[in-house]
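The values are calculated or read from the model by the stated rules, or taken from the named source; none is laboratory data. What you see is a predicted model, and the numbers here were worked out from it, not measured in a lab. Here Cβ is always computed from backbone atoms with ideal geometry, including for glycine, and neighbour counts include all displayed protein chains. Note: areas computed on protein heavy atoms with side chains; ligands, DNA, RNA excluded. Shrake-Rupley method; radii C 1.70, N 1.55, O 1.52, S 1.80 Å.
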Amino acid sequence: MKLLHEALMKIPDIGYRKAKLLYEELGLETVADCLTFYPYKYEDRSEVYDISDLSKHKHPVGTEGIIEDTKVVVTKSKKRFVALLKKAGKKVELVWFNRTEWWRKEVQTGHRYYVFGQVRKNKGKLSMTHPEIVRLGPTTVLPKGILPIYSTTKKLLEANIDNTFITKVQRMLSKKIIPFLNETLPQQQLENHALMPRKEALSYIHFSPSKKLLARARYRLKLEELIYLQTHLLQCKKNRKILSKGMTFKEASLLKKYYDHHLSFTLTNDQKKVIREICKDMRSGNQMNRLLQGDVGSGKTIVAFLSGLVPLSSGAQVALVAPTEVLAKQHQEKLKPEAAKLGLSLALLTGSTSSKERKQLLKQLSEGSLHIIVGTHALLQEDVRFTQLGLAIIDEQHRFGVVQRAKLWKKNTTFPCPHILVMTATPIPRTLAKALYGDLDVSCIKEKPAGRKPILTTHYYDRHRLVVFERMREELAKGHQVYIVYPRILSSDGEEENKDLMDGYESISRAFPKVPISILHGKMVPTSKAFEMSRFVKGETKIMVGTTILEVGINVPNATTMVIENAESFGLAQLHQLRGRVGRDEKPSYCLLLTKDTLSTKARQRINAMVRTNDGFEIAQIDLQSRGPGDILGIQQSGLYNMKLADLTKDKHIIEKAHTIAQEIIEADPFLSNPENKALKQALEHLVEKKNWSIVS
């Protein structure tokens, strides 16, 4: 419908100046933008309550009565205007703190008024502070029903673009546009799931005669947003399985050989299940695109290595991409001896690899003599060519952009796309995984390897620093090692002492003068990072002082204590990742959270959650509720998940319903080519292009 994409400046009663402000302040550019600029709250004006019933309601309500008395009360700090509203012997006090002389003239005793506001009870008396007030006359018409309240800004209010103006525009657009809108969901789905038609939902979400109809409208439009997203993701997944053929690897001799002769521990049931799922994918003939999520220390890396033995058994190659050089080198050092047991070659390629060595590695890759390559973003460069890349593994997938990951798909020129396994140690609940990764198959490892003990987490205030030092000495005396993490390398002027790495290093050196200490941070050159990390891994140094570069992938089983300075300044998921650097074997391990002596409510909640549980899935759920998926998973700016109504962290049952409906649609019509899906297909094409899942189509 052409009118939907009409600029607001062309709409009567808006004009260029107001349209410009609406775009600058609220991002509203077209009629469609305006129609999907939903109220952020509603006021129930459907009833006028008796004063005697006001105390029963926790939300703002309306009542009426006669003003019996008025006065200006003066205290040391401020003045306030007070009026007493009375009806049937009951009273409510009305209070305004600003413009007292104006209110004295405006509100007159002996006249009947309607007031609307939040009721509070203080010392047995009912009161309303800054209520809306209307003098009632013979022809006064009060607003009725459920009134929409729209977001605005100071600049808009100064230009007389207030809630009344926006409501007027919405009502005008609703009458002109909504009756002509197309339904985008198939009629069968509307009937099967008893959904409100789209026209009604868009009308009632702005102007509803009842709470029941408003709730149904909001549900329909939330569901619509999620159906669009789920249908798009599932369509991508279905179409890829139809169109994207993958290499078929039925041979698994190396996997069997390693499992029978070289596996030195027992895999958990979750690990075995995931390996079976991956093997099934690589035998199917379709390209695998699987997300493997698991808590820190759950054994994702060994699962990835064992999975790689399947394509390696057929002569294909494997690439493992990590977000940092430190993590890539850790993977290389851990996996190289395991690969050697099977006669497989493994090498490391990073940004700091010398030109001579890089040239040799690229030659070996292109010739097929190098079986496994571990590296960083350097592996994504165009001149990195494989003979036959069978499996690409991406560790900590949220640190790579979609475009970066897609570069791995194009590494084969004469073979189909490689199978893709992406891994994350930021686990998310199953329902949210459906919403975010509907185009991927999802595997999950929840079990920890046998022998791993829970990490004991304790919170200490800064005034207890000496107690923390004593805990460290106890572990060092046992021959164990300690991490100390700081939120920054250097503090800015005016910040507290001993809260950055450089001051902290000096402080720890004074407190532990005979203990060898390593230091690690992101601004060090790669060779220095590797040297310091190597010293700590070999046990030559006993304390590692670092920044959050230690967050991902560091594996030193002898390190049993993690001290986190200024723990209140870290996010919950980051704290959990840092904690995961200890507890890597059967030794008892500890995480000591050092915070300043006074904490905000949110900071205290994060610290309490860390102390209470070691469960990464529970930690992730709490973090998602407080921050949302965009911040945590690095998708905030992608546009793909910019929902206007649906909440990916709270609307669990709606996500489930949307997933079910989207599956029904795609199973019946993978390409949305049937006539009943024409409107949905057009809506999706427009939404994908605009990256906004709420635009009306």
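Per-residue answers, yes or no, for (1) open to solvent by less than 90 Å² (accessible area, probe 1.4 Å); (2) at pLDDT 90 or above; (3) of a type outside the set (S, T, N, Q):
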| residue | (1), (2), (3) |
| --- | --- |
| 652 | no, no, yes |
| 655 | yes, no, yes |
| 662 | yes, yes, yes |
| 665 | yes, yes, yes |
| 670 | yes, no, yes |
| 693 | yes, no, yes |
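Restricted to the stretch 516-546, and to residues that are part of a loop (DSSP other than H, G, I, E, B) and more than 28 Å from residue 302 (Cβ to Cβ), which residue is most open to solvent (accessible area, probe 1.4 Å)? I'd like the intermediate steps shown before the answer.
Residues of the stretch 516-546 that are part of a loop (DSSP other than H, G, I, E, B), as a first pass: 516, 521-525, 538-542.
Adding the requirement that they be more than 28 Å from residue 302 (Cβ to Cβ) leaves 516, 521, 523-525.
Working: 516: 51, 521: 28, 523: 171, 524: 32, 525: 79 Å².
Ranking the qualifying residues of the stretch 516-546, first place goes to 523.
Is it the case that some residue within the stretch 422-443 is modelled with pLDDT of 85 or more, in contact with a Ser or Thr (Cβ under 7 Å, 6 or more places away or on another chain) and open to solvent by less than 50 Å² (accessible area, probe 1.4 Å)?
no
Which residues, counting only those in the stretch 158-211, are in contact (Cβ under 8 Å) with a residue 60 or more places away in the chain, part of a loop (DSSP other than H, G, I, E, B) and among the polar types (S, T, N, Q)?
182, 184, 210 - these are the residues of the stretch 158-211 that are in contact (Cβ under 8 Å) with a residue 60 or more places away in the chain, part of a loop (DSSP other than H, G, I, E, B) and among the polar types (S, T, N, Q).
Can you tell me which residues in the stretch 111-148 are part of a loop (DSSP other than H, G, I, E, B) and open to solvent by less than 70 Å² (accessible area, probe 1.4 Å)?
Scanning the stretch 111-148 gives 111, 118, 124, 131, 136, 137, 140, 142, 143.
I'd like to check something: does the stretch 186-207 contain any residue that is touching a helix residue (DSSP H, G or I) at 6+ places or on another chain (Cβ under 8 Å), under 26 Å from residue 12 (Cβ atoms) and modelled with pLDDT under 90?
No: the stretch 186-207 contains no residue that is touching a helix residue (DSSP H, G or I) at 6+ places or on another chain (Cβ under 8 Å), under 26 Å from residue 12 (Cβ atoms) and modelled with pLDDT under 90.
Give me the pairs: first residue in the stretch 34-57 and under 30 Å from residue 18 (Cα atoms) and in a loop (DSSP other than H, G, I, E, B), second residue of a type in the set (Lys, Arg) and at pLDDT below 90, beta-carbon distance under 8 Å, and six or more apart or on different chains, which are they?
Going by the 8 Å Cβ cut-off, the qualifying pairs are 36/644; 38/644.
Would you confirm whether any residue within the stretch 558-579 is in a strand (DSSP E or B), touching a residue at least 24 places away in the same chain (Cβ under 8 Å), in contact with an Asp or Glu (Cβ under 7 Å, 6 or more places away or on another chain) and open to solvent by less than 10 Å² (accessible area, probe 1.4 Å)? It would help to see each step written out before you state the result.
As a first pass, look at the stretch 558-579 and keep what is in a strand (DSSP E or B): 559-564.
Next, from what is left, pick out any that are touching a residue at least 24 places away in the same chain (Cβ under 8 Å): 559-564.
Right, trim to in contact with an Asp or Glu (Cβ under 7 Å, 6 or more places away or on another chain) and you get 560-561.
Among the residues that remain, those that are also open to solvent by less than 10 Å² (accessible area, probe 1.4 Å) are: 560-561.
There is at least one residue in the stretch 558-579 that is in a strand (DSSP E or B), touching a residue at least 24 places away in the same chain (Cβ under 8 Å), in contact with an Asp or Glu (Cβ under 7 Å, 6 or more places away or on another chain) and open to solvent by less than 10 Å² (accessible area, probe 1.4 Å).
Rundown of residues vs (1) of a type in the set (Ser, Thr, Tyr); (2) within 21 Å of residue 143 (Cα to Cα); (3) open to solvent by 40 Å² or more (accessible area, probe 1.4 Å); (4) touching a helix residue (DSSP H, G or I) at 6+ places or on another chain (Cβ under 7 Å), yes/no style:
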site	(1), (2), (3), (4)
54	no, yes, no, no
76	no, no, yes, no
92	no, no, no, yes
97	no, no, yes, no
101	no, no, yes, no
109	yes, no, yes, no
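Suppose we filter the stretch 301-360 for residues that are more than 21 Å from residue 521 (Cα to Cα), open to solvent by 60 Å² or more (accessible area, probe 1.4 Å) and in a helix (DSSP H, G or I); how many remain?
Selection size over the stretch 301-360: 9.
Open to solvent by 30 Å² or more (accessible area, probe 1.4 Å), assigned to a helix (DSSP H, G or I) and either of a type in the set (D, E, K, R) or over 25 Å from residue 142 (Cα atoms) (or both), is that true of residue 3?
Considered against the rule, which asks whether it is open to solvent by 30 Å² or more (accessible area, probe 1.4 Å), assigned to a helix (DSSP H, G or I) and either of a type in the set (D, E, K, R) or over 25 Å from residue 142 (Cα atoms) (or both), residue 3 comes out as yes.
So that you can scan it fast, the table gives a plain yes or no per residue for (1) in a loop (DSSP other than H, G, I, E, B); (2) within 28 Å of residue 554 (Cβ to Cβ); (3) at pLDDT 95 or above:
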position: 241; (1), (2), (3): no, no, no
position: 250; (1), (2), (3): yes, no, no
position: 254; (1), (2), (3): no, no, yes
position: 260; (1), (2), (3): no, no, no
position: 263; (1), (2), (3): yes, yes, no
position: 266; (1), (2), (3): yes, yes, no
position: 274; (1), (2), (3): no, yes, yes
position: 278; (1), (2), (3): no, yes, yes
position: 293; (1), (2), (3): no, yes, no
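When you go through (1) buried (at least 17 other Cβ atoms within 10 Å of the Cβ); (2) assigned to a helix (DSSP H, G or I); (3) in contact (Cβ under 8 Å) with a residue 40 or more places away in the chain one by one for residue 19, which number turns out not to apply?
Of (1) buried (at least 17 other Cβ atoms within 10 Å of the Cβ); (2) assigned to a helix (DSSP H, G or I); (3) in contact (Cβ under 8 Å) with a residue 40 or more places away in the chain, only one is false for residue 19: (3).
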